[in-house]
1. Which one of these does residue 64 not meet: (1) touching a Ser or Thr at 6+ places or on another chain (Cβ under 9 Å); (2) loosely packed, with under 15 Cβ neighbours inside 10 Å; (3) more than 17 Å from residue 96 (Cβ to Cβ)?
2. Show me the helices (runs of 4 or more DSSP H) entirely contained within the stretch 211-256 in which 2 or more residues are without any contact (Cβ under 8 Å) to a residue 40 or more places away in the chain and open to solvent by 30 Å² or more (accessible area, probe 1.4 Å).
3. Can you pull out the residues in the stretch 200-210 that are part of a strand (DSSP E or B) and open to solvent by less than 10 Å² (accessible area, probe 1.4 Å)?
4. Between 5, 75, 13, 24, which is among the hydrophobic types (A, V, I, L, M, F, W, C), open to solvent by 20 Å² or more (accessible area, probe 1.4 Å) and at pLDDT 85 or above?
5. Condition first: assigned to a helix (DSSP H, G or I), hydrophobic (A, V, I, L, M, F, W, C) and either open to solvent by 40 Å² or more (accessible area, probe 1.4 Å) or free of Cβ contacts under 8 Å to residues at least 24 places away in the same chain (or both). Now tell me which residues in the stretch 90-105 satisfy that.
6. Inside the stretch 106-128, can you point out the residues that are among the acidic types (Asp, Glu) and open to solvent by less than 70 Å² (accessible area, probe 1.4 Å)?
7. Could you pull out the residue among 110, 165, 145 that is out of contact with any strand residue (DSSP E or B) (no Cβ under 9 Å at 6 or more places or on another chain) and at pLDDT 95 or above?
8. If you take the residues in the stretch 257-277 that are closer than 25 Å to residue 208 by Cα and surrounded by fewer than 18 Cβ atoms within 10 Å (Cβ to Cβ), which one is modelled with the lowest pLDDT?
Amino acid sequence: MSKNASKAFEENACLSDEVTQAKAIFNPPKLTDKYAVLSMDVEDWYHTGYLREKACDRSYSMLDGLDRFIQILSARGIHAQLFVLGEVLKAYPTKFQELQKLGHKLASHGWSHHQPLNMSVSEFSNELQLCQRTHEDILGKPLYGYRAPCFSMDRERLNTLIKLGFQYDSSSIQRLHHQPLNLRGFTSVSQNIFQSKAFFEFQLANFSANIFKWPTSGGGAMRIMPWEITQNAMKIQLKSLDLYSLYIHPIDISTKANPPFPKPTSWLHKLRFNQGRFSMGERLISLISNLQQHGYKFTTYSNLRSTLLSDNLRTDARRS
């Protein structure tokens, strides 16, 4: 890094003292390949935002959507990035132990789908530590990754993640009416990857061209919105996007009948819940094919972080 670049970096750095000393110890490489991460936020139907506070029958589960997602990816040699609620991990320990053995990467989606911005920083920290203990007890490995429910994240809580030893986060998304996450002091590795020391923020991108914006990263939007428009938007987006990330939920791809909705649940919420679920498997397969045609390599955030750090070390070695 040049003296001028280093000085500019330090002047713009605005990280809290407990997180970093505002000097990057890496010279982040630029991506030389195009990568795709297919992720799932593993929660059940009753964790959905408009149902979570209601008295739902939790004996009815729609986690068959997780099984279907894994089946489609495994048949194509792709490992999933799974952000799992702590209470779901605790309820099905054997299932997630097996998924880990198969090479899928497990991270945290919080404990019970409470949004971090609705908690105090102390409450958020306590929840994260509960997730860490549960993850290590069940899976025998430290917990390093996180995605906030509903992308509910700010800089103070991001700093809390770093302080607790997390290595990557994916709670930033380009979306209308969503407050951008403050990443001042982070270095841009690519269009949607940001680095602070050994910590990475993986941002989800949606299609945007002038005034036309279209959601292309979320499973809910993918199954509800007209598929032909989504495909056309993605064909343009994938020509230049170096990291494509999909996030999907078990209900998006579940083939089970609708659950016993609690009363009152509006007809609009019922329509939103069910729309496109039974065609989502075909759309996911089509998406994978489209990504392959555009030359994307499938990976996970955990593996991509390791790749970036390895590339960085090789770059530093050549410079020395």
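1. Looking at each condition in turn, residue 64 falls short on (3).
2. 227-237
3. 200, 201, 202, 204
4. Result of the check over 5, 75, 13, 24: 75.
5. The answer is 91, and nothing else.
6. Hit for the stretch 106-128 is 127, nothing else.
7. 165
8. Filtering first and then ranking leaves 272.
The values are calculated or read from the model by the stated rules, or taken from the named source; none is laboratory data. The structure displayed is predicted, hence computed values, not measured ones. Here Cβ is always computed from backbone atoms with ideal geometry, including for glycine, and neighbour counts include all displayed protein chains. Heavy atoms of the whole protein, side chains included, go into the accessibility calculation; ligands, DNA and RNA do not. Shrake-Rupley method; radii C 1.70, N 1.55, O 1.52, S 1.80 Å.
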